[in-house]
1. Looking at the range 1-60 only, could you name the residues that are over 15 Å from Val148 (Cβ atoms) and polar (S, T, N, Q)?
2. Please pick out the residue among Ala95, Ala69, Ala111 that is crowded, with 20+ Cβ neighbours inside 10 Å and aliphatic (A, V, I, L, M).
3. If I go through the range 72-92 residue by residue, how many of them are under 23 Å from Ala245 (Cα atoms) and either touching a residue at least 60 places away in the same chain (Cβ under 8 Å) or not assigned by TED's automatic domain parsing to the domain that holds Cys138 (or both)?
4. Could you count how many residues in the range 30-54 are surrounded by fewer than 17 Cβ atoms within 10 Å (Cβ to Cβ), among the acidic types (Asp, Glu) and not in a helix (DSSP H, G or I)?
5. Quick one: Gln190 ticks every box in (1) among the polar types (S, T, N, Q); (2) under 22 Å from Thr123 (Cβ atoms); (3) surrounded by fewer than 20 Cβ atoms within 10 Å (Cβ to Cβ) except a single one, so which number is it?
6. Do the conditions hold for Ala245, that is, is it among the aliphatic types (A, V, I, L, M) and either under 14 Å from Pro187 (Cβ atoms) or surrounded by 14 or more Cβ atoms within 10 Å (Cβ to Cβ) (or both)?
7. Report, by residue number, each residue of the range 97-115 that is small (Gly, Ala, Ser) and within 27 Å of the chain's Cα centre (by Cα).
8. What are the residues in the range 206-230 that are without any contact (Cβ under 8 Å) to a residue 12 or more places away in the chain and either assigned to a loop (DSSP other than H, G, I, E, B) or in contact with a His (Cβ under 9 Å, 6 or more places away or on another chain) (or both), if any?
Amino acid sequence: MARRPKLAVWKFTSCDGCQLSLLDLEDELLEVAGQVKIAHFPEATRRSLQGPYDLSLVEGSITTEAEKARILEVRGASRRLVTIGACATTGGIQALRNFADVSAFAEVVYARPETISTLADSTPISDHVPVDFELRGCPINKRQLLEVICAFLARRPPVVPTYSVCVECKRRGAVCVAVMGTPCLGPITQAGCGAICPAYTRGCYGCFGLDESPNVASLARHWRGSGVPADQVVRMLQTFNAGAAPLREESERHGRD
């Protein structure tokens with residue numbers, strides 16, 4: 001009998017939402033479980049097998065010294081490593097700390113801030129170890145996750161769209177909210193959500209990160225020329241994927257205006 005590949009799922013600083021996307025596959029997950037050996041997945045089972053692992057799925061960003069050390073161990077035990085979700089691919093919503101003094105936040109939130117040990121920045125996994133594929137989203141699209149797992153089992157590149165949410169809007173028949181004057185990140189955001197927000201006449205919030213060729217500066221200039229205040233531009237750019245370099249740099253530029 002052929003050996004089943006070992007699959008491991010790891011959590012770093014995150015909300016667990018992307019791991020839950022895997023569990024949400026339900027019937028499909030049973031099929032996946034029949035093709036792989038789930039060696040490590042604390043969200044689903046207490047059983048944990050030692051590596052090496054054929055495929056590791058990593059959720060969450062690096063925010064502590066302990067996590068910096070642990071991701072090196074995970075990478076060393078993994079033949080292939082895929083990061084899943086905004087936290088793992090860009091630092092996540094917690095990367096908003098990168099624009100401020102994290103110690104000031106700790107003073108406000110915790111009764112004993114001196115007991116908190118954390119890094120000044122929240123950084124993506126790729127800042128610390130080589131990554132074989134990044135799956136975007138906050139949370140990820142469970143169908144895309146299934147495609148990634150199947151692709152690695154079949155030893156082929158995953159087929160995941162890199163075009164913008166605008167394409168999904170057109171396919172869905174949604175009226176463009178941008179032409180109605182609503183600030184929208186759809187033109188620079190990677191597809192994957194099905195254009196949920198624009199379909200309900202709300203601007204895209206950029207949950208799936210930047211698409212293959214984003215012109216962030218041009219979009220921000222368009223907003224400013226349309227009368228959008230600088231502070232609102234900054235707020236639009238500093239959301240789920242604020243740690244991505246093009247978003248970070250443009251938001252900082254408008255924050256100085």
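The values are calculated or read from the model by the stated rules, or taken from the named source; none is laboratory data. The structure displayed is predicted, hence computed values, not measured ones. Here the Cβ positions follow ideal geometry from the backbone for every residue, glycine too, while neighbour counts run over all protein chains shown.
1. Once the filter is applied, which keeps residues that are over 15 Å from Val148 (Cβ atoms) and polar (S, T, N, Q), the range 1-60 yields Thr13, Ser14, Thr45, Ser48, Gln50.
2. Ala95
3. Residues meeting the conditions: 10.
4. 1
5. The failed condition is (3).
6. No.
7. Correct list: Ala100, Ser103, Ala104, Ala106.
8. The answer is Ser213, Gly227, Pro229.
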